[in-house]
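Peer 1: One structure follows; several queries about it will come next.
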Amino acid sequence: MAVLALLWGSTFLWIELALRGLSPLQVTFIRCALGALVLTVACYATGRRMPRGITVWRHIVVAAFFCNALPFTLFSLGQQTVDSGLAGVLNATTPLWSIALGLGLGSERGLRPVRLTGLLLGFAGTIVILAPWQSAGAVGWGALAILGAAASYAVAFTYMGRTLVRKGTPTISLSAAQLVAASGLTAVALPIGGLESIDPGPAVLIAAVVLSVFCTAITFHLTYRIINDEGATNAAVVGYLLPVVSVLLGAAVLGEELSIRVVLGMAVVLVGVGMTRRTGATVATAAPAAAPAPAAAEGAVEWAVEGTSARAEDMAAGNVTAGAPATRRAVLENAE
């Protein structure tokens, strides 16, 4: 999570530098294509292979649109008018969008007062940052584009968690295939605004390579690992840390100026998302004890057979006692 936060938080700095010699669509295509190449090589080098089947590839294409092609393009477009530090702050709203999406889909069982307050505070902080009451504020197509990218991430994480992970395909294969699909989607859009002549200098090329290898390939694979291991909501938690990294890098490297309003808005956003996360962790800790071991084991096997291996692993790890060793083995085999 810490490595992901550092790499993902620095993404906005490298986008800012790459945009000095490339168009937004060119930046998006390069990071998708080069990132796909890195992950594809890593996939086959580790003895894995690309996913097979029309159904899984259909899910991969949808995930590639919402997790890669669309948000990458929106970030590049938005950062033409928005500083890298502010872009990271606005992207920190991803966990808030995740909660709102969970409520809409019914995966959230309702909001406790503290969590609801945190959600409202997060959106209030975003409004403070955008400052729609000021003609010289940050509000505009750039900021709205970045908010759209953050919402797109929330949609993508939820979709990936439901349709792709824990289905028997290694995460390295999924991440490589998804960036390949994103490269194809971006290539289709290049004629719209990505065929301008370019004359990038060494700094732009270095920024593009770092953005592609470290902030796209490695970062994306780590994101997939976290979604697979801990779920989509916990994967979005890394958004809490992005503003700190992006703001510090923007101020230190690019000399971006921070207004009191933006700092105050950032603090409100972080307090809000922190409240939502803290409450969720408390609720999880305070969950009631599981059913007796035999019933829990039987339910875990049923879930594993149906494909929900994450819950089966939880049941097998914590709720199946030594009294049912054969059932426990069946649970673990099905979960794997």
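What follows draws every value from the coordinates through simple rules; no lab data is involved. Nothing here was measured: the structure is a model prediction, and the numbers come from that model. Positions of Cβ are backbone-derived with ideal geometry, glycine not excepted, and every protein chain shown enters the neighbour counts.
Peer 1: Can you tally the net charge around residue 254? Count Lys and Arg as +1, Asp and Glu as -1, for every other residue whose Cβ sits under 15 Å from the Cβ of residue 254.
Peer 2: -3
Peer 1: What number comes out for the charge environment of residue 82, summing +1 per Lys or Arg and -1 per Asp or Glu over other residues with Cβ under 11 Å away?
Peer 2: On the way: positive: none; negative: 16, 83, 256.
Net of charged neighbours comes to -3.
Peer 1: Follow-up. Give, to the nearest whole percent, the P(r) tail of segment 1-105 beyond 24 angstrom, counting all Cα pairs.
Peer 2: Tail of P(r) above 24 Å: 36 percent of Cα pairs.
Peer 1: Around residue 203, with a cut-off of 15 angstrom between Cβ atoms, what is the net charge of the other residues, counting Lys and Arg +1 and Asp and Glu -1?
Peer 2: Net charge around residue 203: -1.
Peer 1: Also: What does the highest-first list of 215-223, 157-165 look like by mean Cβ count within 10 Å?
Peer 2: 215-223, 157-165
Peer 1: Bin by bin, in steps of 10 Å, what percent of the Cα pairs in segment 24-86 do you find, going until the bin that has the longest distance?
Peer 2: 19, 38, 30, 12, 1
Peer 1: Sorted by mean Cβ packing within 10 Å, highest first, what order do the peptides 44-53, 119-128 take?
Peer 2: Ranking, from highest mean packing down: 119-128, 44-53.
Peer 1: What distance in nm separates the two pseudo spin-label positions at residue 196 and residue 48, each 7 Å out from Cα along the beta-carbon direction?
Peer 2: Result for the modelled spin labels: 3.6 nm.
Peer 1: Read phi for every residue in segment 69-85 and hand back ³J(HN,Hα) as whole Hz from Karplus 6.51 cos²θ - 1.76 cosθ + 1.60, θ = phi - 60°, with x for Gly and Pro.
Peer 2: With coefficients 6.51, -1.76 and 1.60, one gets 4, 5, x, 4, 5, 5, 5, 5, 5, x, 6, 6, 10, 10, 5, 5, x Hz.
Peer 1: Also: Quick one: Cα centre-to-centre distance for segment 239-259 and segment 1-29, in angstrom?
Peer 2: Between the Cα centres of segment 239-259 and segment 1-29 lies a distance of 13 Å.
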